[in-house]
Amino acid sequence: MPANPASTARIGRHPLHPMLVPIPIGLLIGAFVCDLAYWLWHWAFGAYVAAWMLVGGIAGAAFAAVAGLTDFLGNAQIRALREAWLHMIANVTAVVLSVANLAVHMRDGAAAVLPTGLALLTLVVLLLLFSGWMGGEMVYRHRVAVLDTDEVDAP
């Protein structure tokens, strides 16, 4: 049986990418919630908070992307997976849309939320759901970065 596809970006035997992705995911979903609050309750401060969450989400995504790209380029088994390509394309698209959304938020402030900001963040959240599903497929179906039993028992 071939070895599981290993993570290249790791500390010890712990892959970095899954440790880093909750930061941008949480911040980008938080930005969506803040823009939603602006739309539903006219909470202007929500638009301001959403812009800062976009900044943090984009910055966090950059770190997660470095680790993910290191894994992708560092292991031919991972590059051979259709799910890895879809995961990467969805994430890159989500970040590009987030950067565009940040530019709109910086230019137009709270006025940027409707409809552009909320529409872009809705797309970002949908892309993150899809990307997360593809990431799950890589781990749970293809066992990417999952240690074999003999690796777990090794010192």
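The values are calculated or read from the model by the stated rules, or taken from the named source; none is laboratory data. Just so you know, these numbers come straight off a predicted model, no measurement behind them. Cβ placement follows ideal geometry from the backbone for every residue including glycine, while neighbour counts extend to all protein chains displayed.
For beta carbons closer than 9 Å, sequence separation of 6+ or different chains, a first residue in region 83-94 that is closer than 11 Å to MET138 by Cβ and a second that is of a type in the set (D, E, K, R), the qualifying pairs are GLU83/GLU137; GLU83/ARG141; ALA84/ASP71; TRP85/ARG79; LEU86/GLU137; HIS87/GLU137. Restricting to region 119-150, name every residue that is under 30 Å from TRP39 (Cα atoms), in contact (Cβ under 8 Å) with a residue 40 or more places away in the chain and crowded, with 19+ Cβ neighbours inside 10 Å. Those that are under 30 Å from TRP39 (Cα atoms), in contact (Cβ under 8 Å) with a residue 40 or more places away in the chain and crowded, with 19+ Cβ neighbours inside 10 Å: LEU121, VAL124, LEU128, SER131. The single condition among (1) on the phi < 0 side of the Ramachandran plot; (2) part of a helix (DSSP H, G or I) that GLY109 does not meet is (1).
Could you grab me the full set of residues in region 55-85 that are within 30 Å of ALA110 (Cα to Cα) and in contact with a Gly (Cβ under 9 Å, 6 or more places away or on another chain)?
Initially, region 55-85 is screened for residues within 30 Å of ALA110 (Cα to Cα), giving 55-65.
Hits for region 55-85 are GLY56, GLY57, GLY60.
Condition first: within 12 Å of SER98 (Cα to Cα) and crowded, with 18+ Cβ neighbours inside 10 Å. Now tell me which residues in region 28-57 satisfy that. LEU28, ALA31, PHE32, ALA50, ALA51, MET53, LEU54, GLY57, listed by residue number.
Scan region 124-134 and tell me whether some residue there is part of a helix (DSSP H, G or I) and small (Gly, Ala, Ser). The answer is yes, given that some residue of region 124-134 is part of a helix (DSSP H, G or I) and small (Gly, Ala, Ser).
Just give me the residues in region 37-62 being closer than 20 Å to VAL95 by Cα and small (Gly, Ala, Ser), in sequence order. Break it down stepwise before answering.
Applying the first criterion (closer than 20 Å to VAL95 by Cα) to region 37-62 yields 47-62.
Within region 37-62, ALA47, ALA50, ALA51, GLY56, GLY57, ALA59, GLY60, ALA61, ALA62 meet the criteria.
Filter region 134-152 down to the residues that are among the charged types (D, E, K, R) and more than 13 Å from TRP85 (Cβ to Cβ), then identify the one that is modelled with the lowest pLDDT. Here the residue is GLU151. Scanning region 11-27 for residues that are surrounded by fewer than 17 Cβ atoms within 10 Å (Cβ to Cβ) and free of Cβ contacts under 8 Å to residues at least 60 places away in the same chain turns up ILE11, GLY12, HIS14, MET19, PRO22, ILE23, GLY26.
Can you pull out the helices (runs of 4 or more DSSP H) entirely within region 1-91 that have at least 2 residues that are of a type in the set (Phe, Trp, Tyr)?
Details: elements: 17-20, 22-41, 44-74, 76-79.
In region 1-91, the matching helices (runs of 4 or more DSSP H) lie at 22-41, 44-74.
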